[in-house]
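First the structure, in the form of structure tokens, and then the observations on it.
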Amino acid sequence: GIGRHEANAAMWIFELCTRRNSSSVDLLVDSDSYDWKGLPWAQIDRYYDLKEKLRQKAGASEDAPEAEWIRKLEPYKLDILKIFLVRRGVGLVEVLTKLQEDSRGMARLYTKKIISESMFRSFKAAEAEVHEELESITTEASLLAPESPPGGFFGSCVQQYQMGAHKQYDDASMDHMEATALGDAPPVMPGKGKGGGKGMPMPVGPGGAAAQPPPGVPPGALPPGMPPGMNVPDHMKPAPVEVQESGYSWNQSGAEIEVCVRLPKAATKADLKVVFGVSKLVVKVSGEAVLDGKLAGKVCPDDCTWTLRNDPDGKKLMIYLEADGGGKWASLIQA
């Protein structure tokens, strides 16, 4: 249906706007459930509450076609309802950003049996819940702004989140807009006339353009999300040779390079900073550089990840690099 089609387009736009040069999985690997903040239910409920009140005020019955009575709303009321939907979308962007950051590393950690199956299933359940909400938002957007391109409405939510423009809509502002939408007269702003003014933009209007996919990618195509699992089981692979260095150890198995940094018992995720570059790796613990140098080869930063691990023999920072190109590395860091 249209909801899934537009949701796919919206996911493509989100991927395009939020690509990063590194990824990390912000979790403790001995946990059995994925820790996330959940959907933005306050914004979701507030949107549907205003929509229902507008339906009642319009005198439409519960079984009346939504597109029909929404189309008859005064422009300023429709604009305010759009703002409520954008606020709902921005809340989802915040949640989706965290999931997208974790997704690249999650499959790798699961296939290497570093995280449990229950943790992985919990993460997939969170992904499914978020995608269902994305479909719901894009379906609502098709009712409020049918002239917008697929995914365009959610694209505006991503832009508002990145620019921080949504922060102007605090609870007091939303209360005022709701009262305006449910009033009998349109607002009159100085120099603006009727039909809305400053602080009531139309998120996506006629002609609003969404980012276009690259050549060969059909409109609405969903870009790859989580990387595919490895085809060769771990127990069938030859054991990699562990190389001990000052402050860390590393090994290589094909294109996969694993780095282990032993940490103080009191170290937390907040103490760690890991930066991936095409040919550079920076690792800091409590502000002190453990690794900072040019790699012996090139890596694919988008496919690199790290996690904090509690083992019986101590706490470790595990870093997983994906080499760009074949060949055995003579060292991790160039001399």
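The table below gives the values:
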{"read-out": "Amide proton proximity set for K298, modelled H, under 5 Å, gap of 5+", "value": "D324"}
{"read-out": "Distant-in-sequence amide H partners of V243 (H built 1.01 Å from N, under 5 Å)", "value": "W250, N251"}
{"read-out": "Residue-span extension gain [A266 to K113] - 0.36 nm each, minus C-alpha spacing", "value": "52.6 nm"}
{"read-out": "Restraint check, K72/K98; K167/K284; K113/K269; K112/K269; K124/K298; K37/K269, Cα-Cα greater than 29 Å", "value": "K72/K98; K167/K284; K124/K298"}
{"read-out": "Paramagnetic reach from S246 (point 7 Å along Cα→Cβ, amide N under 19 Å) across the range 288-331", "value": "288-296, 331"}
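Any read-out appearing in this document is the output of simple, stated calculations on the displayed coordinates, not a laboratory observation. Computed from a predicted structure; not experimentally measured. Positions of Cβ are backbone-derived with ideal geometry, glycine not excepted, and every protein chain shown enters the neighbour counts.
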